[in-house]
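Take a look at the structure below.
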Amino acid sequence: GDMAPSQIYVRNKEKSANEVGLKSEVIRYPKPVEEKPELDKMEELHNILAIRKRKMEFYYELFEHVPGIKLRTFKEWCSPVHWMMTLTLDDNYNRGQILHDLIEKGIDCRQMINPVHRADHFRNHFVDKNYPNSIKISSQSLHLPSATSLHRDQIRNIVKEFESCLST
């Protein structure tokens, strides 16, 4: 709203996101604000997150007994948004090779982002030796497709192709 504390709060959130390299979007509604557009936008976001959660749960079901990987776990007090399907490979797997093989099979996957302490604006303030867990997880993790438009048969195929990459 127009209240100074609200404006400061939003400005600080934007600044913090930019400092760590995150893209943010502030949605401003014209005055007078009608409740319906705001509720519609919140419902739209809620629906997107619900779809992603169902896709993530299906991935987890399919990956449940796949050896050599670790799926993210969440504490009871945590409400993850399931924005990306992330898994971590055991040390005996070559993430780079698996990414290459999946891409060759037409599966759009990505390496996990570098730890935040390696970002350009933090690089001179932090050293890798203080963050071994972040480095290990980042170097052995990858993101699989997680678009809201994915169908269950596509997810099954992604998991099947992923498993075939583990056995090569």
(request) Using the structure shown, select from 55/129; 15/129; 75/136; 15/41 the pairs with a Cα to Cα distance greater than 30 angstrom. (result) 55/129
(message) Please report the net charge: other residues with Cβ closer than 10 Å to the Cβ of residue 155, K and R +1, D and E -1.
(response) +2
(request) Return one whole number: the accessible area per residue of the chain in Å², for a 1.4 Å probe. (result) 74 Å²
(request) Sort all Cα-Cα distances of the chain into consecutive 5 angstrom bins from zero, then give the percent of pairs in each bin up to the one containing the longest distance. (result) 1, 7, 12, 15, 16, 15, 12, 10, 6, 4, 1, 0, 0
(message) Can you list residues from other chains, or at least 5 along the same chain, whose modelled amide H is less than 5 Å from the amide H of residue 87?
(response) 142, 144
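With the full set of protein chains in place, find how many percent of the accessible area of the chain is carbon and sulfur; take the probe as 1.4 Å.
53 percent
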(request) Please list the helices of the chain that count as membrane-span-like by this rule: a mean Kyte-Doolittle hydropathy of at least -1.0 together with Cα atoms stretching 20 Å or more along the helix axis, each helix being a complete DSSP H run. (result) 35-63, 152-166
(message) What does the C-alpha gyration tensor say about the overall shape of the range 12-75? Classify as rounded when a/c is under 1.5, otherwise prolate if a/b is larger than b/c, or oblate.
(response) oblate
(message) Where in the chain is the longest stretch that carries no chymotrypsin sites (Phe, Trp or Tyr not before Pro) classed as loop by DSSP and with at most 10 other Cβ atoms within 10 Å?
(response) 78-168
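The values are calculated or read from the model by the stated rules, or taken from the named source; none is laboratory data. In this text the structure is predicted, and so the values were computed from the model without any measurement. Neighbour counts run over all protein chains shown; Cβ positions are idealised from the backbone, glycine included. With ligands, DNA and RNA removed, areas are computed over all heavy atoms of the protein, side chains included. Shrake-Rupley method; radii C 1.70, N 1.55, O 1.52, S 1.80 Å.
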